[in-house]
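The values are calculated or read from the model by the stated rules, or taken from the named source; none is laboratory data. A quick note: this is a predicted structure, and the numbers were derived from the prediction, not measured. Positions of Cβ are backbone-derived with ideal geometry, glycine not excepted, and every protein chain shown enters the neighbour counts. Note: areas computed on protein heavy atoms with side chains; ligands, DNA, RNA excluded. Shrake-Rupley method; radii C 1.70, N 1.55, O 1.52, S 1.80 Å.
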Amino acid sequence: MGADLGQCTSILDVKRTAATSDRTKENLCELEIEGNIKGDVLIDLSSSSLVHHLFSACEFFKHTIVLKVTDRCILELKRWLDTRTGAFDWGHATKLHLEKENNSDQLQDKEEKVRSAVQHVMKCDLEKENMTDPIVLPPADCIIIVRLLEDISKDQDDYRRYLRKFSGMLKSGGHLILLGLLDMTYYTVGKDKFHALTYDEDFARKALVGEGFVIDNCVVKKRTNVSDLIDYKAIMFIVAHKEK
């Protein structure tokens, strides 16, 4: 695996991933207009314990299942979902979402809606044929992957292999929403620097098509913020559907 993902739930890492996920949240707000993407079951496979994208997703999917690779990620997310003492304050994410909706006075209601939509937070083993063994999940209408493949893939073959596994969790015609960081080589957590898989838009497109996806939309935004915590050059947002 590309890094020790257990360390990705530190407060520093939460802040870093939060900064790179705002574009996901904004695009999710537009999904119904762009492609009428909605359904019953959403599976979230995203880095760290970030929740930005779930604020929009809860408007389009009845049930959300969140899968994490470490107990620490699960603990951090459940702290917020259960409003426990010591939970990271994601209020800034709620406010950003409500500002886009021009509805800034409904912060508590919005957070409660997200909490109600998240039905399960489960640990998964990415190397097992059934990642949630012994539990068998229902085929998903949509899978969201936010800034994860760069961390878990040691090379491009690994990237394609994980895409193949995730595709197997989707219904025929189901959608994959993917946010990735292009041309990244490393990211840091505290004083530690970790390797990240380096790839470009062309590779990601070909990998998706090669695993049976049809790309519906692809947006690439050049990096605007400056930080030595991470060295990506652009954010890529892709919506694709699994061929029937």
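List of remarks:
- Residue that is surrounded by the most Cβ atoms within 10 Å (Cβ to Cβ), among those in segment 196-244 that are of a type in the set (S, T, N, Q) and part of a loop (DSSP other than H, G, I, E, B): Thr198
- Inter-residue pairs, beta-carbon under 7 Å, first over 17 Å from Val69 (Cβ atoms) and in segment 133-159, second among the aromatic types (Phe, Trp, Tyr) and part of a strand (DSSP E or B), 6+ apart: Asp141/Phe61; Cys142/Phe61
- For segment 65-85, the count of residues that are modelled with pLDDT of 70 or more, open to solvent by 30 Å² or more (accessible area, probe 1.4 Å), closer than 21 Å to Leu179 by Cα and not in a helix (DSSP H, G or I) is nonzero.
- Inter-residue pairs, beta-carbon under 7 Å, first in contact (Cβ under 8 Å) with a residue 12 or more places away in the chain and in segment 59-87, second assigned to a loop (DSSP other than H, G, I, E, B) and open to solvent by 70 Å² or more (accessible area, probe 1.4 Å), 6+ apart: Phe60/Lys38; Phe61/Lys38
- Subset of segment 146-195 (residues that are of a type in the set (Lys, Arg) and part of a strand (DSSP E or B)): Lys171, Lys193
- Segment 52-64, subset open to solvent by less than 20 Å² (accessible area, probe 1.4 Å) and touching a strand residue (DSSP E or B) at 6+ places or on another chain (Cβ under 9 Å), residue modelled with the highest pLDDT: Thr64
- Annotation note: Cβ proximity below 6 Å between a residue of segment 188-214 that is under 15 Å from Tyr162 (Cα atoms) and a residue that is open to solvent by 70 Å² or more (accessible area, probe 1.4 Å) and part of a loop (DSSP other than H, G, I, E, B) (sequence gap 6+ or interchain) occurs for Gly212/Glu243.
- Residue count for segment 173-193, restricted to those that are closer than 15 Å to Leu208 by Cα and either aromatic (Phe, Trp, Tyr) or surrounded by fewer than 18 Cβ atoms within 10 Å (Cβ to Cβ) (or both): 1
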